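The values are calculated or read from the model by the stated rules, or taken from the named source; none is laboratory data. The structure displayed is predicted, hence computed values, not measured ones. Here the Cβ positions follow ideal geometry from the backbone for every residue, glycine too, while neighbour counts run over all protein chains shown.
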Amino acid sequence: MKKTKTDHYTDKEALEFHSYNKPGKIEINSSKPMTTKRDLALAYSPGVAVPVKAIYQNPEAAYDYTSKGNLVAVISNGSAILGMGNLGALASKPVMEGKAVLFKRFADIDSIDLEIDSNDSNEIINSIKNFACSFGGINLEDIAAPDCFIIEEKLKEILDIPVFHDDQHGTAIITTAALINALDISGKSIKDIKVVVNGAGASAIACTNLFKNSGVANENIIMLDRKGVIFRGRTEGMDQWKSMHAIDTKKRTLEDAIKGADVFLGLSAKGALKKELVKSMAKNPIIFACANPDPEITPEEIMEVRDDAIIATGRSDYPNQVNNLIGFPYIFRGALDVRAKTINEKMKVAAANAIAKLARQDVPDEVVAAMGGDRPKYGKDYIIPSTFDPRLISEIPVAVAKAAMDSGVARKDIKDFEVYKEQLKQRLNPSVTIMQGINSHIKKNQKRIVFADGEDENTLKAAIAFKNSKLGIPILVGKKEKIREQINKIGYSDDFDIEIINSQDTKKRQKYVSYLFKKMQREQGLLERDCDRLVRNDRVIWASCMVACGDADGAVTGNTRRFGASLDKIKQVVNPRPGEIMFGLNMVVYKGKTIFVGDTSVNEYPSSEELAEIAISSSRVVKLFGFVPKVAFVSHSTFGQPLTSRTKHIKKAVEILKNKNVDFEFDGDMQPDVALNAEYKELYPFSNIVGNANILIMPGQHSAAISYKMMKTLGETKVIGPLLIGLGQPIEIAPLRSSTSEIINLASVAAYSADVIDYKKN
């Protein structure tokens, strides 16, 4: 089956993604060294006996000596998978693995997915009860109603750890946060509003419960299912959960219920709310049309009849997306950190209020950078924070933890919440946030990006994903027949709409030959026919000429040849920016800490002056990514010990910077561990950089390349780059054998650079 134009992938790509390298999306890694005989003796026999005895004597010690306190079980029976219905426990495993990945990515929570092959609620309850002691929390997912209610309620009674059905409560918390802000903007009181809830499934009931717990009067909420209004005395299609929300009313239809209503919450089906009904709502109506994938009514349809409405949907292509991702990772984070016995209503309300409060706050510059240059302002189109907002990790868990402590369900108190906030921030993976921000920015400023190695499979996949994700407009360089073959092989139809270009375009070829001849006839003594041969036969030359001549905004190449070979070709076409040094800068992320390393790829052994210039340019780039630059000049020595000729070389670079009155902190010489490890601060209290560096200026290309490649290969390290800094055009080079995601990242950086850097100043 081929995907439609709106999809971002083919079925084949989705399957390849899940099977690549290791099947699935999660793995288990040891958190302790396992290299020596002593390590093994401590980890297992006989050393493991000591924590066993400690836990036997005090079960709470399991939080101190095992992973229990940061481990959540993601559990499903596959009876309601993503709206596809009951496809069975095993079929739900990819979804549950995905949920586990989200827990890790957004809140640094370890998760194990457990699929229970049963439709018997009692059997499921007993299964979970028997293994629950291994976990700090239970996340229920994709379980059909009413079993989801029965299972959750019973588990809450018998377990002393948080049990949370995200399909219910995640939606409820985000929706309540949106309601709080929508009421504030519209000038309405939560105690007085009239609410219509269209839908009576798990999420609708949970939303209604939380609305009431937040202050909405019971008699002011009318709930409807497929058979109409749920009223006292109705017997058809009723159950105990619907009955809880039945009220005395003569209204029987949505048309009756919505007249004069302040709020409409839809968790039902496409088209359920008509424009005529919207007209009958009260002044400044609040309309949350959250049916997925298509809302009960589109924002465009609402705006045709009401210009005073505040609107939210479940979709990412409209403002105010009700997205559970804003909630569940952070709610569990706060609950786990205080060892909560449950997630109670006070904790849910606290989470909703924290989310609402965050949307009202001024957005600082670093968040603007993370969100792609947008500075959202609290109002009708911004009542819910973006999923890109890195402040979520430091705000929601704090509110949840405080509520757990105040309500008496916390077994561990947090003494200093400011320290706790800083600890939470360190859990976030900054590189992901950075790329999300960059991608958000470039989606609004579509740039034409050349993918020079168009026949290469990974490059082709990257270009297609770049297009389908609406990051920009890709242009492939290569033979059309071969690329079309590859497109079909990937799983798209061979007429997939993507621009392909090569030297058969005689008009462009002559344009590029003329440009290159004019540039190189004096520089290298080349004849016009030499330039023609270069343009015809080399895709890097062609792609670089496209950018230089204004036929594209940026380019990405590499992957099929050595970095240096690609760079040599680019330098034939494009000069460095005037007054700047050209160098490679890598973004390296390890366990939530982001550092930038330069020069990794261009200058073999920079002079002291060049090292100083690399530091200045690196700081400028790092600021564009939303970081405050802190530069360490790295060496085999620390502050002159031992003093060698190479040490003097680096110390001179530091002195040069001191005389330039730069606007960033720097210091050196220092060893990498001194620059990155806060434990060394007490040894060198005179330096603000010790333990705080986020830019490492290496003494030479050899040491830089060796360092980052070792980290990339041997450690749990994410590397983006090298970014080619100081070039006169936004062209990036992917290292040999780069993955599809690595190429996409570099293409995004090229598009971003094309938009935020004024290359015309050359």
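Key figures for this structure:
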quantity	calculated
Members of region 733-744 that are polar (S, T, N, Q), in a helix (DSSP H, G or I) and touching a Ser or Thr at 6+ places or on another chain (Cβ under 9 Å)	T740
Residues of region 554-589 that turn out to be surrounded by fewer than 24 Cβ atoms within 10 Å (Cβ to Cβ) and not in a helix (DSSP H, G or I), as a count	14
Residue that is surrounded by fewer than 16 Cβ atoms within 10 Å (Cβ to Cβ), at pLDDT 90 or above and more than 18 Å from the chain's Cα centre (by Cα), where the choices are D362, D337, D381	D381
Filter result (crowded, with 24+ Cβ neighbours inside 10 Å and within 12 Å of K154 (Cβ to Cβ)) within region 123-137	I124
Among the residues listed as I116, I125, I55, I81, the single one being touching a Leu at 6+ places or on another chain (Cβ under 8 Å) and more than 28 Å from Q436 (Cα to Cα)	I125
Some residue of region 621-638 being part of a strand (DSSP E or B) and more than 36 Å from the chain's Cα centre (by Cα)	yes
Residue, surrounded by the most Cβ atoms within 10 Å (Cβ to Cβ), within region 710-728, restricted to residues that are more than 21 Å from V622 (Cβ to Cβ) and not hydrophobic (A, V, I, L, M, F, W, C)	G715
Unmet criterion (only one of (1) touching a residue at least 40 places away in the same chain (Cβ under 8 Å); (2) over 30 Å from A107 (Cα atoms); (3) touching a Ser or Thr at 6+ places or on another chain (Cβ under 7 Å); (4) crowded, with 24+ Cβ neighbours inside 10 Å) for V631	(2)
Matching residues, region 527-541, being touching a Phe, Trp or Tyr at 6+ places or on another chain (Cβ under 7 Å) and either part of a loop (DSSP other than H, G, I, E, B) or buried (at least 16 other Cβ atoms within 10 Å of the Cβ) (or both)	C531, V535
Residues of region 312-334 that turn out to be buried (at least 24 other Cβ atoms within 10 Å of the Cβ) and touching a strand residue (DSSP E or B) at 6+ places or on another chain (Cβ under 6 Å), as a count	4
Boolean, P23 is loosely packed, with under 14 Cβ neighbours inside 10 Å and assigned by TED's automatic domain parsing to the domain that holds I125	no
Within region 191-219, tally of residues that are surrounded by fewer than 19 Cβ atoms within 10 Å (Cβ to Cβ), free of Cβ contacts under 8 Å to residues at least 40 places away in the same chain and not acidic (D, E)	5
Number of positions in region 185-216 that are part of a loop (DSSP other than H, G, I, E, B) and touching a strand residue (DSSP E or B) at 6+ places or on another chain (Cβ under 9 Å)	7
Any chance A463 is more than 16 Å from the chain's Cα centre (by Cα) and farther than 28 Å from V622 by Cα	no
Conditions (1) in contact with an Asp or Glu (Cβ under 8 Å, 6 or more places away or on another chain); (2) free of Cβ contacts under 8 Å to residues at least 40 places away in the same chain; number of the one not met by H702	(2)
Number of the exception - K470 against (1) in a strand (DSSP E or B); (2) on the phi > 0 side of the Ramachandran plot	(1)
Subset of region 59-90 that is within 22 Å of K32 (Cβ to Cβ) and polar (S, T, N, Q) - its residue that is surrounded by the most Cβ atoms within 10 Å (Cβ to Cβ)	N70
Selected residue [surrounded by fewer than 24 Cβ atoms within 10 Å (Cβ to Cβ), on the phi > 0 side of the Ramachandran plot and outside the structural domain of R391 (by TED's automatic domain parsing)] from D108, D142, D117	D108
Matching residues, region 230-244, being at pLDDT 95 or above and touching a helix residue (DSSP H, G or I) at 6+ places or on another chain (Cβ under 6 Å)	I230
Residue that is modelled with the lowest pLDDT, among those in region 410-440 that are of a type in the set (A, V, I, L, M) and assigned to a loop (DSSP other than H, G, I, E, B)	L428
Hits in region 231-281 (condition: touching a residue at least 40 places away in the same chain (Cβ under 8 Å) and of a type in the set (D, E, K, R))	D239, K242, D262
Filter pass, N324 being in the same structural domain as I185 (by TED's automatic domain parsing), touching an Asp or Glu at 6+ places or on another chain (Cβ under 8 Å) and polar (S, T, N, Q)	yes
Residues of region 711-740 that turn out to be among the polar types (S, T, N, Q) and without any contact (Cβ under 8 Å) to a residue 60 or more places away in the chain, as a count	1
